[in-house]
1. Could you check the stretch 9-44 and list, in sequence order, the residues that are part of a loop (DSSP other than H, G, I, E, B), in contact (Cβ under 8 Å) with a residue 24 or more places away in the chain and open to solvent by 20 Å² or more (accessible area, probe 1.4 Å)?
2. I'd like to know if the stretch 45-65 contains one or more residues that are under 13 Å from Leu160 (Cα atoms), open to solvent by 40 Å² or more (accessible area, probe 1.4 Å) and not aromatic (Phe, Trp, Tyr).
3. For residues in the stretch 144-163 being within 23 Å of Glu69 (Cβ to Cβ) and open to solvent by 50 Å² or more (accessible area, probe 1.4 Å), which is nearest to the chain's Cα centre (by Cα)?
4. For the stretch 45-92, name all the residues that are more than 17 Å from the chain's Cα centre (by Cα) and among the aliphatic types (A, V, I, L, M).
5. Please pick out the residue among Gly105, Gly91, Gly76 that is touching a residue at least 40 places away in the same chain (Cβ under 8 Å) and either within 16 Å of Tyr56 (Cα to Cα) or surrounded by fewer than 22 Cβ atoms within 10 Å (Cβ to Cβ) (or both).
6. What number of residues in the stretch 247-258 are away from the ligand (no atom under 16 Å from the Cβ) and within 20 Å of Ser283 (Cα to Cα)?
7. Give the residues of the stretch 79-88 that are surrounded by fewer than 21 Cβ atoms within 10 Å (Cβ to Cβ) and of a type in the set (D, E, K, R), sorted by residue number.
8. Identify all residues within the stretch 166-192 that are without any contact (Cβ under 8 Å) to a residue 12 or more places away in the chain and not in a helix (DSSP H, G or I); write none if there are none.
Amino acid sequence: MKIQDIQNLSIKMGIDADFRSKEGVQKLLDGKKQKFEKLSEKDKEEFDKDALENPYLDSGVYNVSDDKEIKKVLVGIDVGPEEILMAKELGEIDLVIAHHPVGKGLAQLADVMDLQADVCNYYGVPINVAEGLMKERISEVARGVNSSNHQRTVDAARLLKVNLMNAHTSCDNLAAKFLKDFVDNRKIEKVGELIDALKEIPEYKEAMKIGVGPKIFVGSPENRCGKIALSEITGGTEGSPKLYEKMAQAGVGTIVGMHISEEHKKEAETANVNIVIAGHISSDSLGMNLFLDELEKNGIEIVACSGLIRISRAGK
Ligand SMILES: [Fe+2]
């Protein structure tokens, strides 16, 4: 596989696992195309053409120094200039794959957050309410990432001639789908049982060894779960704190997430929604692993760094 094949696979897998369904994602891309066609020539020039093909603008290719057949990849959750140097030092690394976005992907992180309104709608929140609350939060995130030094890692890759790409929301979609199927296939009554079930997943088992296994952030093991929502695994970053009350009204009792801020935690408490935090880096690893397994099946060797808990399911 070449770099573009790997990027195409990441996007395809992300679409196949998307909460909005394949048709829903296509509708979104068609909408962007229609908007693009109505633009003036000047605005068309400024328009990011990637947006017409890629529904996850936080996932892409940032540097191609040598477009060769990829045999060995260095994969990390956060990739900075350190990991680019590491790839050089290790040698024979054909491509570095990050999970969290860098460069243009980081600048466009907020673009994928629309997905969250659809996820909340999937769990019963009226779409107008979900869209309204997310709109505010999306612009907040867009302003937040605006000040970053976006190109730092990309510049390092360019100077050292290291191929670089990332897979963020595409892989978070895989984790969300995996966890949704996992939870839906079990009869889980209490929050404690949900924690026990999550602890069976190898990535979380590994995370437990360093003290970051699945934890209850709001609620207690004896609380009944009610309807369990996987609404905080994918969609860029944390959504609106005001959504907890709406999710509770829509009939959701427990939310499984990757991480939660204090402000969000307080809102969840007020809404009496149990919050189970599966773990950040471990959940990111789960999604990456499901993608990396496909690379492994194509004969690519995976070297894990920067927090990635590599578990292969490729042989199963
Ligand atoms: Fe993450």
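The values are calculated or read from the model by the stated rules, or taken from the named source; none is laboratory data. In this text, all values refer to a predicted model and were calculated from it rather than measured experimentally. Every residue, glycine among them, receives a Cβ derived from its backbone with ideal geometry; neighbour counts consider all protein chains shown. Areas reflect the complete protein model, heavy atoms only, side chains present, ligands, DNA and RNA absent. Shrake-Rupley method; radii C 1.70, N 1.55, O 1.52, S 1.80 Å.
1. Scanning the stretch 9-44 gives Phe19, Arg20.
2. Taking every residue of the stretch 45-65 in turn, at least one turns out to be under 13 Å from Leu160 (Cα atoms), open to solvent by 40 Å² or more (accessible area, probe 1.4 Å) and not aromatic (Phe, Trp, Tyr).
3. Arg158
4. Matches in the stretch 45-92: Ala51, Leu52, Val64, Ile70, Val73, Leu74, Ile84, Leu85, Met86, Ala87, Leu90.
5. When all the criteria are applied, what remains is Gly105.
6. Final tally of qualifying residues: 2.
7. Glu82, Lys88
8. Asn185, Arg186, Lys187
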